[in-house]
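See below for the structure under consideration.
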């Protein structure tokens, strides 16, 4: 598994959000798509932050569940984002998942989003090794 890289298992079709996106719309989109987080990017694909389901719950609690409340993704996203590079060792990323307890890492090339790797992607790699595919 040491020779496997993030590139081998990352997904390249990643749902992203704009920092100007309305929070209520972003929350509804998470629910509709069945996702628990997404990178926030600018118009050039540079990673600005991450919005997680925890951020969404925090936003709604702060709003007091007021149906008229509106806010932007930029107001609630996490801006201190840990990213990884596509050539990183998948075993190193597995270790980072244990240490940080994140569900996913954005994969970047010069801070531009090129994919995403999740804990499930690491599990897929382990499954492939067990079956002799990797």
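Considering only residues that are in a loop (DSSP other than H, G, I, E, B) and under 28 Å from residue 91 (Cβ atoms), which ones fall in the stretch 1-43?
1, 2, 3, 4, 10, 12, 13, 14, 15, 16, 35, 36, listed by residue number.
With respect to residue 16, is the statement that it is in contact (Cβ under 8 Å) with a residue 60 or more places away in the chain and farther than 30 Å from residue 130 by Cα true?
Judged against the criteria, residue 16 is a match.
Yes or no: residue 88 out of contact with any strand residue (DSSP E or B) (no Cβ under 6 Å at 6 or more places or on another chain) and farther than 17 Å from residue 14 by Cβ?
no
Could you look through the stretch 95-111, keep only residues that are assigned to a loop (DSSP other than H, G, I, E, B) and without any contact (Cβ under 8 Å) to a residue 24 or more places away in the chain, and pick out the one that is nearest to the chain's Cα centre (by Cα)?
102
Quick one: which of 134, 63, 68 is at pLDDT below 95 and closer than 30 Å to residue 3 by Cβ?
Result: 134 is the single residue among 134, 63, 68 that is at pLDDT below 95 and closer than 30 Å to residue 3 by Cβ.
Taking the options 92, 53, name whichever one is within 30 Å of residue 131 (Cβ to Cβ) and either over 11 Å from the mean Cα position of the chain (by Cα) or surrounded by fewer than 17 Cβ atoms within 10 Å (Cβ to Cβ) (or both).
Going through 92, 53 in turn, the sole match is 92.
Of 119, 104, which residue is closer than 24 Å to residue 56 by Cα and out of contact with any strand residue (DSSP E or B) (no Cβ under 6 Å at 6 or more places or on another chain)?
One residue alone meets the criteria, 119.
Which of (1) touching a helix residue (DSSP H, G or I) at 6+ places or on another chain (Cβ under 8 Å); (2) modelled with pLDDT under 95; (3) surrounded by 15 or more Cβ atoms within 10 Å (Cβ to Cβ) is the odd one out, the single condition residue 86 does not satisfy?
Every condition holds for residue 86 apart from (2).
Looking at the stretch 103-114, which of its residues are under 21 Å from residue 55 (Cα atoms) and buried (at least 17 other Cβ atoms within 10 Å of the Cβ)?
Scanning the stretch 103-114 gives 104, 105, 106, 107, 113.
Please specify each residue of the stretch 44-68 satisfying the condition of being within 23 Å of residue 101 (Cα to Cα) and part of a strand (DSSP E or B).
Matches in the stretch 44-68: 47, 48, 49, 50, 51, 52.
I want to confirm something. Restricting to the stretch 119-134 and keeping residues that are touching a residue at least 60 places away in the same chain (Cβ under 8 Å) and not in a loop (DSSP other than H, G, I, E, B), which single residue is surrounded by the fewest Cβ atoms within 10 Å (Cβ to Cβ)?
That would be 129.
The conditions are (1) exposed (fewer than 13 other Cβ atoms within 10 Å of the Cβ); (2) touching a residue at least 24 places away in the same chain (Cβ under 8 Å); (3) touching a strand residue (DSSP E or B) at 6+ places or on another chain (Cβ under 9 Å), and residue 75 fails exactly one of them. Which is it?
Single failed check for residue 75: (3).
The values are calculated or read from the model by the stated rules, or taken from the named source; none is laboratory data. Model, not experiment: these values are computed from the prediction. Heads up, the Cβs are rebuilt from the backbone with ideal geometry, glycines too, and the neighbour counts pull from every protein chain shown.
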